[in-house]
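What follows is calculated from the coordinates using simple rules that are stated; it is not laboratory data. In this text, all values refer to a predicted model and were calculated from it rather than measured experimentally. Methodologically, a virtual Cβ is constructed for each residue, glycine included, from the backbone with ideal geometry; neighbour enumeration extends over all protein chains shown.
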Amino acid sequence: NGMRYTLGNLGDYYSQKGDLGTALEYHTRTLEIEEELDDKHGIVYSLSNIGDLYYINGDYGKALYNYVRSLNISEKLDDEYGMYSIGYSIGYMGFVYINKREYVKAIPQLEKAITIVNEMGITHKLLFFTTHLYLSYKNLGKEYDINDIHAFIKDAENIEFDLNYAIYQLSEDTSYLETAYNQVQEKADNLEPDVAAKFLSYPIPKAIVEEWEKV
């Protein structure tokens, strides 16, 4: 137990530092121990972390594989954490489909995720999931109410660069793009040069920088 918690914390640390390769190594080792312990909650958490790392890196096939594995186990957990994990997994599966431009597949996943987090009162995820749901609507020419997003923004404590970029894509308000760009640059400035270069090559940071340079 001590090993898996320490390895997991190291994975979180390197993920926050932008070193996704090292973070993946630690989270994979954590998963192996949790599988030996048959800790279903831990397995779900590690699979979600691994899926996130692949998603950030743009490896959408492996991201989806890990989210589906997490979902399958979460559906067998008869508790609140299992329900939250179901919402998380299907929500991020929706993100993967958006990045693959498979918006028809993304919509039902995100709608289910929104229903779950709404029922559980997990309000900080509503902005994230709803923004991406409306992005799918926008790309398919469906109607949506941007005022819903503005209402969620008022209650948001912290909006990361990826969400600011998604809000910009939805609203076309360049102030969100500017904020996302500044956040990306600030994060890169606090990384070691080789790690910063990798971070800026990941799909979302790269897209933010390229879009800001166009604007």
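Some points to look at:
- Intensity falloff of the stretch 1-79 expressed as log10 I(q)/I(0), Debye formula with alpha-carbon point scatterers, at q = 0.12, 0.14, 0.20 Å⁻¹: -0.30, -0.41, -0.82
- Placing one equal scatterer on every Cα of the stretch 60-109 and applying the Debye formula, the log10 ratio I(q)/I(0) at q = 0.13, 0.18 Å⁻¹ is -0.28, -0.52.
- Taking one quarter of the surface of the convex hull spanned by the alpha-carbon atoms of the chain gives a direction-averaged projected area of 12.0 nm².
- Where labels lie 7 Å past Cα in the beta-carbon direction, separation of E143 and K76 in nm: 4.5
- Sites listed here are GluC sites (Glu not before Pro) in the stretch 130-215 whose DSSP assignment is loop and whose Cβ has at most 16 other Cβ atoms within 10 Å: E143, E157, E160, E172.
- Lysines whose Cα lies under 29 Å from that of K100, excluding same-chain neighbours fewer than 8 positions away: K17, K62, K76, K112, K125, K138, K142, K187, K198, K206, K214
- Here, the stretch 149-215 has an Rg and a Dmax of 12.3, 39 Å when only alpha carbons are counted.
- Placing unit charges on each Cβ (+1 for Lys and Arg, -1 for Asp and Glu) gives the stretch 64-160 a dipole about its Cα centre, and among T115, N147, I98 the Cα reaching farthest toward its positive end belongs to I98.
- For the stretch 144-215 and the stretch 68-110, distance of Cα centres in Å: 23
- Estimated FRET transfer efficiency when R0 is 41 angstrom, pair D173-T28 (beta carbons, to 0.05): 0.55
- Residue-wise HN-Hα coupling along the stretch 166-182, computed from phi with Karplus coefficients 6.51, -1.76, 1.60 (Hz; x: Gly, Pro): 5, 5, 4, 4, 6, 8, 6, 8, 5, 5, 6, 5, 4, 4, 4, 4, 5
- Couplings 3J(HN,Hα) of the stretch 120-129, computed from phi: 8, x, 8, 5, 5, 8, 5, 4, 4, 5 Hz, in residue order, whole Hz [Karplus 6.51 cos²θ - 1.76 cosθ + 1.60, θ = phi - 60°; x for Gly and Pro].
- Expressed in Å, the radius of gyration and Dmax of the Cα atoms of the stretch 64-180 are 14.2, 44.
- Whole-Hz ³J(HN,Hα) from phi, Karplus 6.51 cos²θ - 1.76 cosθ + 1.60, for the stretch 83-95, glycine and proline x: 5, 4, 5, 4, x, 4, 4, 6, x, 6, 4, x, 4
- Amide proton proximity set for E75, modelled H, under 5 Å, gap of 5+: none
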